[in-house]
Structures are given as C-alpha cells and as structure tokens.
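A quick write-up on the structure given underneath.
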Amino acid sequence: DLFWSRVYLDAGRSVEAVPFIERILADGLRVNRERARWWLQEAALVHRDLSGARRWLKELRDVTPGSTLAPLAALRLQVLEAVEEGDAAAWPALALELREQATRWPGTVVEDEALSMTGQLWAELGLLEDALRLWRWQEERRPVQRGAIAYEEMVCRFAPRAFDELRGRGEVTRALGVYQAYLDDPRMHACVGADTRSEAARVALVAGLPDLAARWVGQAVAESVDGLEASGHLV
C-alpha cells in the first residue's frame with residue numbers, strides 16, 4: 001500500500017492513490033497513518049479541495065501533535081486558511097510571519113516550505129523579482145540535498161511574467177537580467193518558446209548587447225518551425 005500510494009502520487013494520479021492511502025489510515029502503523037493523512041491532504045489539493053485539505057491538516061496537527069509532520073501541517077494550514085478567506089491585504093503580514101517561522105526551523109523541510117510559500121505570496125503581490133531571488137537562493141544553497149521546492153515550476157510560471165513586465169516598463173537591463181538568470185537555462189527549455197527567445201534577443205539589441213542577442217536569436221531560429229524565414233533576422 002505504501003509503495004503504490006507513492007507511485008500514484010508521484011505520477012500525479014491521486015484518485016488511484018486514495019484507496020491505498022485510506023487502507024493505510026485504517027490498518028497501518030502509527031507513523032504510516034501520519035504519512036497517510038499528509039498524502040490525503042496533498043491529493044485534496046490536487047483537486048482544489050481546500051476544505052478537504054484543511055480537514056486532513058487539522059487532524060494531523062491535532063491527533064498527532066508530536067509528529068514531525070505536525071509543524072509542517074500547521075504551516076500549510078495557516079496559508080490555506082488565509083487563501084480561503086481571500087483577503088489579499090493580509091498577505092504581506094502572512095509573508096512576514098512565514099519568514100519568521102522559517103528562522104525557527106533552519107535546515108528542515110519546514111523552513112523550505114515556509115520560504116517557498118513566502119516566495120509565492122510575494123509573487124502574487126507583484127514582487128516577482130524578490131520571489132525569484134528567494135527561490136534561487138534556496139536552490140543554490142542545498143542543490144545536492146533538495147534545493148527549492150518546485151523550483152522549475154515556479155520559475156517557469158513567474159520569470160516570463162517578470163521579463164514581460166520589466167520590458168513593458170522599458171527597464172531592459174533588469175528584464176535581461178531576469179531572462180539570463182532564470183530562463184537562459186536548459187532546465188527551463190520547455191517554458192521558453194522561440195518567440196520569447198526572439199523577443200529577448202531584440203531587447204538585448206536595444207540594450208547594446210549584440211553578442212548576447214546573436215546567441216539567443218540563433219537558438220530561436222534553430223527551434224522555430226519557420227527556421228528558413230527566421231534566419232534572415234539572424235543575418
């Protein structure tokens with residue numbers, strides 16, 4: 001049951017995982033029941049079931065307060081309750097509280113979770129560059145052990161937005177800094193299309209960086225479906 005629960009959850013097939021998890025919750029050892037409650041809240045979040053996720057987090061926090069997962073559950077529960085209330089004005093204070101909690105759990109998954117959610121709150125508040133810098137610091141601090149939680153996913157989601165916003169405001173140097181620091185990376189290849197790379201090359205030309213522009217436009221030409229016509233731009 002433990003094995004198949006993890007297999008289905010890691011594959012993103014939470015519906016198939018639930019029967020195995022429920023059996024663990026009913027008949028498993030105590031430590032495995034704690035894991036089962038955590039996995040059930042993750043399965044609920046996959047389906048945007050905030051009330052279900054909150055139920056399992058509360059049970060994990062209250063039924064097994066001595067569990068190593070209890071502080072993690074309390075942290076995530078705090079964020080889910082704030083999100084469900086929908087009061088964005090309270091998010092800056094919540095982000096500060098999460099930063100404070102991260103300092104109480106140095107080098108643990110609680111710190112990683114707190115900092116990751118702090119970055120997500122900052123990004124939703126429009127502080128995209130601050131959020132990206134925080135995730136990158138997490139990623140580079142412990143790359144062998146874990147790194148930042150869902151680093152690639154967060155960068156793919158927010159770095160293109162930061163690039164577009166800065167470019168739209170005419171801050172081309174900062175826009176290029178975001179692109180070069182986060183998107184000019186083989187890991188981010190899937191979230192950077194040929195059009196985006198061509199636009200980055202155009203911005204680099206405006207900024208007086210022809211070498212950088214030539215490299216990016218060359219990559220865009222190689223990736224584009226209309227490579228022959230686009231090669232004229234490279235010339």
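The values are calculated or read from the model by the stated rules, or taken from the named source; none is laboratory data. Small disclaimer: the values here were computed from a predicted structure and weren't measured. Note: ideal-geometry Cβ built from the backbone for every residue, glycine included; neighbour counts use all protein chains shown. Side chains included, ligands, DNA and RNA excluded: accessible areas come from the protein's heavy atoms. Shrake-Rupley method; radii C 1.70, N 1.55, O 1.52, S 1.80 Å.
Quick check: is even one residue across segment 160-183 at pLDDT below 85 and under 24 Å from R136 (Cβ atoms)? It would help to see each step written out before you state the result.
Kept after step one, since they are at pLDDT below 85, are these residues of segment 160-183: none.
For segment 160-183, residues at pLDDT below 85 and under 24 Å from R136 (Cβ atoms): absent.
Which residue pairs have Cβ atoms under 8 Å apart, sit 6 or more places apart or on different chains, and have a first residue in segment 162-187 that is touching a residue at least 24 places away in the same chain (Cβ under 8 Å) and a second that is among the polar types (S, T, N, Q) and in a helix (DSSP H, G or I)?
Between residues of segment 162-187 that are touching a residue at least 24 places away in the same chain (Cβ under 8 Å) and residues that are among the polar types (S, T, N, Q) and in a helix (DSSP H, G or I), the close pairs are F163/T196; L183/T196.
In segment 70-106, which residues are small (G, A, S) and either open to solvent by 30 Å² or more (accessible area, probe 1.4 Å) or touching a Gly at 6+ places or on another chain (Cβ under 6 Å) (or both)? Don't jump to the end; show me each part of the working.
First, the residues of segment 70-106 that are small (G, A, S): 70, 73-74, 82, 86, 88-90, 93, 95, 102.
Those that are small (G, A, S) and either open to solvent by 30 Å² or more (accessible area, probe 1.4 Å) or touching a Gly at 6+ places or on another chain (Cβ under 6 Å) (or both): A74, G86, A88, A89, A90, A93.
Let's see how each residue does on (1) in a loop (DSSP other than H, G, I, E, B); (2) among the acidic types (D, E); (3) in contact with a Cys (Cβ under 7 Å, 6 or more places away or on another chain):
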{"site": "G66", "(1), (2), (3)": "yes, no, no"}
{"site": "L75", "(1), (2), (3)": "no, no, no"}
{"site": "E81", "(1), (2), (3)": "no, yes, no"}
{"site": "A89", "(1), (2), (3)": "no, no, no"}
{"site": "R99", "(1), (2), (3)": "no, no, no"}
{"site": "T103", "(1), (2), (3)": "no, no, no"}
{"site": "V110", "(1), (2), (3)": "no, no, no"}
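I'd like to check something: does segment 58-65 contain any residue that is open to solvent by less than 80 Å² (accessible area, probe 1.4 Å) and under 22 Å from the mean Cα position of the chain (by Cα)?
No, because not a single residue in segment 58-65 is open to solvent by less than 80 Å² (accessible area, probe 1.4 Å) and under 22 Å from the mean Cα position of the chain (by Cα).
Can you name every residue in segment 38-50 that is assigned to a helix (DSSP H, G or I) and in contact (Cβ under 8 Å) with a residue 24 or more places away in the chain?
Those that are assigned to a helix (DSSP H, G or I) and in contact (Cβ under 8 Å) with a residue 24 or more places away in the chain: W38, W39, Q41, E42, A43, V46, L50.
Out of curiosity, is A26 surrounded by 14 or more Cβ atoms within 10 Å (Cβ to Cβ), without any contact (Cβ under 8 Å) to a residue 60 or more places away in the chain and in a helix (DSSP H, G or I)?
no
Looking at segment 158-181, which of its residues are among the hydroxyl-bearing types (S, T, Y), surrounded by 15 or more Cβ atoms within 10 Å (Cβ to Cβ) and farther than 14 Å from W216 by Cα? Break it down stepwise before answering.
Applying the first criterion (among the hydroxyl-bearing types (S, T, Y)) to segment 158-181 yields 173, 179.
Restricting the remaining residues to those that are surrounded by 15 or more Cβ atoms within 10 Å (Cβ to Cβ) gives 179.
Result: no residue meets the conditions.
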